[in-house]
Amino acid sequence: MRSSRTLFLALLLAAPMVHADVASDVRAATTRWVDAFNRKSSQDIVALYGKDAVFFGTSSPVLRDSPELVKDYFKSLPTLGDAVITVSDSRVQVYGNVAVHTGFYTRSSAQDGKLVQNPARFTFVYEQRNGQWVIVNHHSSALP
C-alpha cells in the first residue's frame, strides 16, 4: 500500500513538470518558425506545417489549406531583406497531443533609413506527430 501511495504522489508531483516540458517544446517549435522566417528560408518554414494545415496569413486574404498554398504564401520570404520577427508576450495551452501557442510579435525592418515596426498577433495550433510538434492551424493578423 505504501509503495503505491508513494508512486501516486511521485506521479502527481511530476505532472506539472511534464506539462512545463511540453509547453517548452511548443515554444521551441514556434522559435523554429521565427528562426526560419528571420533566415528567410521558405523551405524551412513550410516544412513546419502539416500537410493538412489551415493558414490565414497576415498579408493575404486567402484561406490556405494545402501545402501548395502555404508554400505560395512564403515564396517571397527571401525578398524581405532585413525584416525580422520577435515574439513578445505569449501563452501555451496543452491538450494532450494538441497545443495552442498564442501571443504577440513584432515584424521590424528598415525602410528609407528608419526602423519600422509592425505589431501583430498570432495563434499556432500544433499537433504532435511522430514526436514533432507540427503546425496544423495558423492565424496571424496585424494588431488593431
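Derivation of every value follows stated rules applied to the coordinates shown; laboratory data play no part. Note that this is a predicted model, so its numbers are computed, not measured. FYI the Cβ positions are ideal-geometry reconstructions off the backbone, even for glycines, and counts take in every protein chain you see.
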Inset, instruction - Search the structure for amide H atoms under 5 Å from the amide H of Thr58, placed 1.01 Å from N in the peptide plane, and list their residues when 5 or more places away or on another chain. - result: Ser140
Inset, instruction - Taking the Cβ of Val26 as the centre, find all other residues whose Cβ is under 14 Å away and add up their charges (Lys, Arg: +1; Asp, Glu: -1). - result: +1
Legend entry - the stretch 19-100: trypsin sites (Lys or Arg not before Pro) in DSSP loop, at most 14 other beta carbons within 10 Å: Arg39, Lys75
Inset, instruction - Calculate how steeply helix 2-38 sits against the longest principal axis of the alpha-carbon atoms of the chain, using the helix alpha-carbon long axis, and give the answer as 0 to 90 degrees to the nearest 10. - result: 10 degrees
Inset, instruction - Mark the label point 7 Å from the Cα of Asn38 along Cα→Cβ and return the residues of the stretch 90-112 whose backbone N is within less than 19 Å of it. - result: 90-91, 102-111
Legend entry - Options Leu77, Ser60, Val87, ranked by Cα towards positive dipole end of the chain, top entry (Cβ charges): Val87
Legend entry - the stretch 118-130 - phi-based ³J(HN,Hα) in whole Hz, Karplus 6.51/-1.76/1.60, Gly and Pro as x: 10, x, 8, 10, 9, 9, 10, 10, 10, 10, 7, 10, 6
Legend entry - In order through the stretch 75-85: 3J(HN,Hα) via Karplus (6.51 cos²θ - 1.76 cosθ + 1.60), integer Hz, x for Gly, Pro: 4, 8, 3, x, 8, 7, x, 8, 4, 9, 10
Inset, instruction - With +1 on each Lys and Arg Cβ and -1 on each Asp and Glu Cβ, and nothing else charged, work out how big the dipole of the stretch 2-142 is about its Cα centre, in Debye to the nearest 20. - result: 280 debye
Inset, instruction - Would you compute, from DSSP H runs of 4+ residues alone, the mean residue ellipticity of the chain at 222 nm, taking -39500 (n - 2.57) per run and dividing by the full residue count, rounded to the nearest 500? - result: -11500 deg cm²/dmol
Inset, instruction - Please identify, among Asn118, Asn97, Asn130, the residue showing maximal mean-square fluctuation in a Gaussian network model of the chain using a 10 angstrom Cα cutoff. - result: Asn130
Legend entry - Electrostatic dipole magnitude of the stretch 22-98 [Cβ: Lys, Arg +1; Asp, Glu -1; Cα centre; debye, to 20]: 60 debye
Legend entry - Contact order normalised by residue count of the stretch 2-142, Cα under 8 Å, 6+ apart, percent: 23 percent
Inset, instruction - Rounded to whole Hz and in sequence order, give me ³J(HN,Hα) for the stretch 131-144 from the Karplus expression 6.51 cos²θ - 1.76 cosθ + 1.60, θ = phi - 60°, writing x for Gly and Pro. - result: x, 10, 7, 10, 6, 10, 8, 9, 10, 9, 8, 4, 6, x
Legend entry - Label of the coordinate-derived value, Rg and Dmax of the Cα atoms in Å, listed as [x] 16.4, 61; [y] 18.2, 73; [z] 21.3, 77: [y]
